[in-house]
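The values are calculated or read from the model by the stated rules, or taken from the named source; none is laboratory data. Bear in mind the structure is a predicted one, so any value in this text is a computation, not a measurement. All Cβ positions, even for glycine, are placed from backbone atoms using ideal geometry, and neighbour counts span all protein chains on display. What goes into the accessible areas is simple: the full protein's heavy atoms, side chains included, and nothing from ligands, DNA or RNA. Shrake-Rupley method; radii C 1.70, N 1.55, O 1.52, S 1.80 Å.
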Amino acid sequence: MTLIDGKQTAADIRLELKREVDSMLRQGMRPPHLAVVIVGHNPASETYVENKLKACREVGFLADKVALEADITEQQLLQTVERLNRDDEIDGFIVQLPLPDHISESRITQAIDWHKDVDGLHPHNVGLTALGQPSLVSATPKGIRELLSRYHIPTEGRHVVVVGRSNIVGKPMAMLLMQKPYLSLPKMSAAALGDATVTLCHSKTRNLKDICLTADILIVAVGQPALITADMVREGTVVIDVGINRIEDAVAPRGYRLVGDVDFKEVAPKCSYITPVPGGVGPMTIVSLLQNTLQARLNK
Ligand code: GUN
């Protein structure tokens with residue numbers, strides 16, 4: 001069994017991005033520039049945003065935070081989006097989710113200029129991804145594709161079972177892996193991967209266990225601790241665990257620990273490859289955002 005080290009892979013990619021920025025600077029080019037909009041004071045969102053800004057600055061990107069109060073109107077937020085759309089100095093921006101209940105996330109996402117949509121959530125980018133054309137791809141599936149590529153795990157002709165149908169992970173993951181690979185090579189992307197036979201499972205799927213047992217590659221993004229148990233995984237399967245769940249643990253320093261959707265202890269010995277939680281898929285999501293920001297900069 002090989003552990004897929006997302007932390008190390010993310011560090012390798014950050015180094016590559018830094019070299020790329022250094023080379024841009026030597027040629028007199030402006031470095032990539034990301035803005036992150038945060039509304040309100042959700043502690044988890046504040047931590048995510050600070051981590052994104054820090055990661056940008058470490059690789060030499062310019063990074064701005066646009067902090068707005070929770071009682072801002074949807075119209076005011078739309079005006080901020082418009083201002084960022086028009087600002088030629090900003091290559092890409094994201095509006096951190098979740099937003100307060102009185103603001104429509106889809107209306108905000110759709111107001112973002114899709115060229116600057118480095119979260120890959122705008123319908124135009126989702127559509128391009130579905131068509132197998134160059135697009136800004138949602139961070140988590142992009143990070144998983146990069147992990148498969150860097151660990152030389154082929155997908156051609158293999159049965160990939162994706163558990164979870166979210167717009168942010170499950171659906172784009174399935175689309176990316178079923179594509180003809182030569183159609184899906186944007187600048188700076190991972191090596192092309194695709195040509196898989198993909199089955200997408202969700203909460204209403206019957207015989208989840210039987211389907212999982214036919215997987216060559218099993219990708220789980222549900223948010224349910226220990227959903228995948230050892231009896232659901234065949235010997236030699238590649239397991240990608242996207243779940244990040246907090247479970248109470250009195251002896252852990254913060255009173256909780258993080259676990260994935262896979263019962264790691266029982267499942268890992270059966271796998272050819274597996275991602276740990278934490279330290280697997282998680283660290284790849286911020287580098288995907290950085291890669292998308294560089295891509296938006298180079299696409300100009
Ligand atoms: N909140 C949690 N994950 C994300 C993400 O990837 N993008 C945005 N905009 N908000 C998030």
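Of the helices (runs of 4 or more DSSP H) lying entirely inside region 10-121, none contains at least 2 residues that are free of Cβ contacts under 8 Å to residues at least 40 places away in the same chain and touching a Cys at 6+ places or on another chain (Cβ under 7 Å). For region 31-45, a residue qualifies if it is more than 9 Å from the ligand (Cβ to nearest atom) and within 28 Å of Asp12 (Cβ to Cβ), and the qualifying residues are Pro31, Pro32, His33, Leu34, Ala35. Looking only at residues of region 278-300 that are in a loop (DSSP other than H, G, I, E, B) and surrounded by 22 or more Cβ atoms within 10 Å (Cβ to Cβ), we find that the one that is farthest from the ligand (Cβ to nearest atom) is Gly280. Screening the candidates Val137, Val163, Val126 for the property of being within 16 Å of the ligand (Cβ to nearest atom) and either more than 19 Å from Ile112 (Cβ to Cβ) or open to solvent by 30 Å² or more (accessible area, probe 1.4 Å) (or both) yields one hit, Val126. For Leu200, the conditions (1) part of a loop (DSSP other than H, G, I, E, B); (2) open to solvent by 40 Å² or more (accessible area, probe 1.4 Å); (3) not polar (S, T, N, Q) are fulfilled apart from (1).
Lys52 meets the conditions (1) open to solvent by 30 Å² or more (accessible area, probe 1.4 Å); (2) under 18 Å from Pro100 (Cα atoms); (3) under 18 Å from the mean Cα position of the chain (by Cα) in every case but one. The failed one is (2).
If you scan region 256-290, which residues turn out to be free of Cβ contacts under 8 Å to residues at least 12 places away in the same chain and more than 26 Å from Lys52 (Cβ to Cβ)? Hit for region 256-290 is Lys265, nothing else.
Screening Ser106 against (1) over 18 Å from Ser166 (Cβ atoms); (2) surrounded by fewer than 17 Cβ atoms within 10 Å (Cβ to Cβ) leaves a single unmet condition, (1).
Would you check if Pro253 is touching a strand residue (DSSP E or B) at 6+ places or on another chain (Cβ under 6 Å) and in a loop (DSSP other than H, G, I, E, B)? No; evaluated as a whole, the condition is false for this residue. If only residues of region 76-103 that are within 13 Å of the ligand (Cβ to nearest atom) and open to solvent by 30 Å² or more (accessible area, probe 1.4 Å) are counted, the one that is nearest to Ala63 (Cα to Cα) is Leu97.
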